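Quick notes on the structure that follows.
The values are calculated or read from the model by the stated rules, or taken from the named source; none is laboratory data. Every value quoted in this text rests on a predicted model; they were computed, and no experiment measured them. Every residue, glycine as well, gets a Cβ built from its backbone with ideal geometry; the counts of neighbours run over all protein chains shown. Ligands, DNA and RNA are stripped out before the accessible areas are found, and what is left, the full protein with its side chains, is counted by its heavy atoms. Shrake-Rupley method; radii C 1.70, N 1.55, O 1.52, S 1.80 Å.
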Amino acid sequence: MPVTDQTTALAQEIHKRRTFAIISHPDAGKTTLTEKLLLFGGGIREAGAVKSNKIKKTATSDFMEIEKQRGISVATAVMTFEYQGRLINILDTPGHKDFAEDTYRTLTAVDSVILVVDCVKGVEEQTEKLMQVCRMRNTPVIIFVNKLDREGKRPLELMDELVEKLNIEVRPLSWPIGMGMHFRGVYNLHEQNVYLFRPGKTVIEDERLLVNGLSDPKLNAELPSHAAALREEVELVDGVYEPFDIEDYRAGRVAPVFFGSALNNFGVRELLETFLEIAPTPAPRETDTRLVAPHEEKFSGFIFKIHANLDPRHRDRIAFLRVCSGTFRRDKAFLHVRHGKQMRFSTPYNFMAQRKTVVDEAYPGDVIGLYDRGDLKIGDTLTEGETYTFQGIPSFSPEIFKELVSTDPMRTKQLDKGIRELTEEGVAQLFVQEVGRRKIVGTVGELQFEVIRYRLEHEYGASCRLEGLPYSRACWITAETPAILREFTKFRERQIGYDKDENPVYFAETEWMLRSTIDAHPQITFHFTSEFTTQRR
Ligand code: G4P
């Protein structure tokens, strides 16, 4: 193909793609919404198909069951479907909060996010955390307020809560008419139409009541007990919130808000169609040397997730790569920047409609699975020859810390190898203290410790004990000069560890202790993610 044709073909592929994640506090309705979106795209034919991917709440103590379910989730790590000429990649995120770090990392590979909030519970803890990660990268966010068929918080109250707790401006694009038993539908502020809710209806088409704005007498006839309140509320909404501006949304400053009921498939089409209209196509990405645009002819991408095979007879892993520029081609040699060596992939996978198929080509915005025998690590960059590293794939501050103690001195080497490999996969983070080379494992959930102990024993034949430590926060620390840093770390040996790249990390027992240390040492900078270590040179 001549070069100009190739460039146009690539531009068309990029233009088609929308890569995003659906995030929520567990139980808000992420799985249900994902499933309904897939139904629109014909990605699945029946409801319930996505459920198998969900880590059931009842199984929280049975982590083998969870791992089994995570195994299933490999097939659905990304769900691709086509709708109205667009190719949509939904990146799956684990529902269980103990796997939150997996979710944080997945957010580095998307171009936008749909956040699901339960109208009964409002903004929950996990939602706040996930949103902080989106805010770090100014990821555009659309909010879907779910479960309107239940009696929930008042919509205006919910709006205030979103602004306050999520630290983002909002702009409702639809407005609910009633709620719970009295939920009648939504008024679409953009189309100035009413969508009527018929409970229990599972058809894909929402019923539209064509009205000519709020003054249309049809409103009174169809919704006699709601019309007046609706007019009043919409007037208020229009007065309080700025008109919707797509640029503000794309810059991550304003989140448009929709209302609906995923279970009843209500408001989902409206959400999907607006999403396709406003959500960004694959964006340029920052590296340590320059900005890489998706339209560049040469391929580049980065690894954001690694999934290990738990079966000890098959030690292969699948590394998930997000394509950032150019075209990925099967069997073509690409540069593994960290190792400085060429790699070819003969069986790269994509995931269409829950089937794994070998792909010959992939484009910016796509996520593919690469078989790996231990060469790839989270954050690794692959290119067509240029040496740069993608930014924005940080480690996040863990919340639970335990000391790793070998209980079999004859197998210390296996233990070291095992914990190194598991931390490379992103199961946990490892910090080593200078004194006694004490190894501290940090995670965001208790469950990971069970996973680690089990896997060390079964895959590496190494037995260990994980002893609780009193820390609850860890911050990467930097200072203007090495001398200042040394002065700070000198008398705090038990409070300092070093991460996999030898960066110093400060451990605090309480939030209060951390705050007072930060206040007392203005010459030290405390970082809540490891991002600073890979800033532009
Ligand atoms: P998650 O992935 O965010 O954890 O949530 P999920 O979709 O699994 O939904 C959690 C529960 O909320 C499910 O009920 C689901 O059916 C219900 N749900 C989702 N959307 C709506 C909605 O619009 N209205 C109402 N009333 N419920 C909704 P469950 O009983 O936990 O599971 P299941 O037995 O239905 O599978």
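Structure summary
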read-out	value
Candidate residues R285, R184: accessible-area rank, largest first, probe 1.4 Å	R184, R285
Distance violations [Cα-Cα > 30 Å] among K305/K332; K30/K298; K30/K402; K147/K402; K165/K500; K332/K413	K30/K298; K30/K402; K147/K402; K165/K500; K332/K413
Mean shadow area of the chain over all directions, Cα convex hull, nm²	26.8 nm²
Förster radius 30 Å - calculated FRET efficiency between T8 and R338 (Cβ-Cβ, nearest 0.05)	0.35
For the chain, share of DSSP beta bridges that run antiparallel, in % to the nearest 5	75 percent
Förster radius 25 Å - calculated FRET efficiency between N167 and V120, Cβ distance, rounded to 0.05	0.65
Whole-Hz couplings from phi, Karplus 6.51/-1.76/1.60, listed for segment 493-506; x for Gly and Pro	3, 7, 9, 10, x, 10, 7, 4, 9, 6, 7, x, 10, 9
Lys, Arg +1 and Asp, Glu -1 on Cβ, resulting dipole of the chain about Cα centre, debye, nearest 20	1540 debye
Charge-dipole axis of the chain as Lys and Arg at +1 and Asp and Glu at -1 on Cβ define it, positive-most pick from M159, T383, F183	T383
Angle between the chain longest axis and helix 125-136 axis [Cα atoms, degrees, rounded to 10]	80 degrees
Accessible area expressed per residue, segment 400-536, with surrounding protein chains retained (probe 1.4 Å, Å²)	51 Å²
Cα long-axis angle, helix 268-278 against the chain (0 to 90 degrees, to the nearest 10)	70 degrees
Lys/Arg +1, Asp/Glu -1 at C-beta; segment 285-383 dipole; positive extreme among G374, I306, T347	G374
5 angstrom amide H check on T389, placed H, neighbours 5+ away	D288, T289
Principal-axis tilt of helix 511-520 within the chain, Cα atoms, nearest 10 degrees	70 degrees
Carbon + sulfur, % of accessible area of the chain - ligands and nucleic acids excluded, 1.4 Å	49 percent
Long-range HN-HN contacts of V120 with modeled amide H, under 5 Å	K153
Residue-span extension gain [I246 to N220] - 0.36 nm each, minus C-alpha spacing	6.1 nm
